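Computed from the coordinates by the stated procedures, all read-outs in this text should not be read as laboratory data. All values derive from a computational prediction rather than experimental measurement. Cβ atoms come from the backbone with ideal geometry, glycine included; neighbour counts cover every protein chain shown.
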Amino acid sequence: MYYSATVDRAGRLGVLWAARKRRSGVHEGPSRVLMTITDHQAIERGSALLSCPRCGDLLASVAVNPSGEMIGCEACAISLGLAAEIMSLREWESTDLALGALREFGLTDASVTRPAPDTTPRLHYWLASSGGHHYYLRRFHDWFPDTAVVWMHSVMGHLADRGLPVPHCAPSVSGQSFARHAGAAWALYRAVEGHTANEREWMWGRPRAAETLAQLHTALEGFTPQGEPFDLWGAWTLDTVDRVLASWEPMPELPDDLLAYVRHRLATHFFAGPGAELPHGIVHGDLTPGNLLWRGEANGLSIAGILDFERAHHDTALMDFAWGLGDRRPPLLRATVAAYARHRPLSAPEREAMPEAMLLGTLMALDMQLSYYHDLREATRLARELAFTARDLEGLRRAVSLRG
């Protein structure tokens, strides 16, 4: 077993990496279901020499971050201060478990490989090809319950039935949406053709992403999925905020007065006040740029796939917006909110509480970097974002107001 679950004193999920050389507390991060033409070619050509995406050196071993995503070489992981697990190339490229899992889906003649390096390969993901069809195979961590897999796939199936671009789950030989193999749950998805947006494309595509998010929220209104959501990835409360803030080590970019102000605004304007009137429903939980696939270019972009429903849970729709789409630059925020509201009108309390939701979203992202990824460079950037957002709350509120 590579993983076992832990819960830290802030009530968050951690994982013990049972490595040969080291152990570190980590957290499952975002995942992607992604396949491109490059990936299809990788299946046919088989394994190739891997080089570090950061320094370019050939890899003798592979460093992966807490979400199983390749960082590169051990030296780069150490120099950047990132939480990492080091594994041999043989361990990284082993396909035995994947081939066994594919047989649980009736694929006995499949070829399998890791994604091409330019698509950010992950430890628990494989590309598979069989009979001219291409798939993405995922192994869930041992601590992720089967009931949560059922919940996730139930949400995905409901959205697919309503025409949203969601990956289709291939049924196992037993007729379920996942299979058990080697002590873990596995899922097989039909590959989605598309690409993740670069920075320029995201600027053009953000309003389209907001429209799709609104359609997703509307489609899920009143829906009761099968299974159960994963409790530890549920909605944050003020108690969660207090436990998280108490667990952080001091950081120059996070002075006590800033954190006290952030906590006060959340207590009075999000968890109470306007926030107490916010409608709740099922949310995606991780609708970030990396979990959307696109086709086309620039202002002709369209969404090809919505990925990674692992964190779907009950929450206010604002949290999906604030976590992935919110932007503290008022013109961009105004345009994004307008695009969303064309498909799902925002209530007055939602518009009023939007800036504090963005504040909470930044706090959540900061906690992920400080507590799980140990990426101090990204944490420093997010700390500055937190300060800027706290400073600009009223300007952001004007930007999303109907009178703005």
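Observations on the structure shown:
- Two numbers describe the Cα atoms of region 239-337: Rg and Dmax, which are 16.8, 46 Å.
- Considering helices alone, the calculated mean residue ellipticity of the chain at 222 nm is -11500 deg cm²/dmol, with DSSP H runs of length four and up weighted by -39500 (n - 2.57) and normalised per residue.
- Dimensions (Å) - region 264-399, Cα atoms, principal axes, largest first: 43, 38, 29
- Ranked by the mean number of other Cβ atoms within 10 Å of their residues, highest first, the peptides 246-255, 296-305 fall in the order 296-305, 246-255.
- Region 262-300 and region 132-188: distance between their alpha carbon centers, rounded to Å: 25
- GNM top mover of G290, G222, G194 - the chain, alpha-carbon springs below 10 Å: G222
- Calculated diffusion of region 209-288, Stokes-Einstein form, Kirkwood radius summed over Cα pairs, 10 °C and 1.306 mPa s, µm²/s: 103
- Translational diffusion of the chain, estimated by Stokes-Einstein from the Kirkwood radius over alpha carbon pairs at 25 °C in a medium of 0.890 mPa s, is 111 µm² per second.
- The trypsin sites (Lys or Arg not before Pro) found in region 373-404 that occupy coil by DSSP, while having at most 16 further C-beta atoms within 10 Å, are R403.
- Per-residue packing, averaged as other Cβ atoms within 10 Å, sorts the ranges 342-349, 142-149 into the order 142-149, 342-349, beginning with the highest.
- Sparse packing (at most 15 other Cβ atoms within 10 Å of the Cβ) combined with a DSSP loop state is found for the following trypsin sites (Lys or Arg not before Pro) in region 134-189: R162.
- At the listed q of 0.13, 0.14, 0.19 Å⁻¹, the Debye profile of region 124-239, built from one uniform point per Cα, gives log10 I(q)/I(0) equal to -0.66, -0.76, -1.23.
- For region 212-258, alpha-carbon Rg relative to the globular expectation (2.2 N^0.38 Å, N residues): 1.81
- Relative contact order (%) - the chain, alpha-carbon pairs under 8 angstrom, separation at least six: 17
- Principal axes of region 333-404: Cα extent on each, largest first, Å: 40, 24, 19
- Spin-label pair T108-L58: with each label point 7 Å from Cα along the Cα-Cβ axis, the two points sit 3.9 nm from one another.
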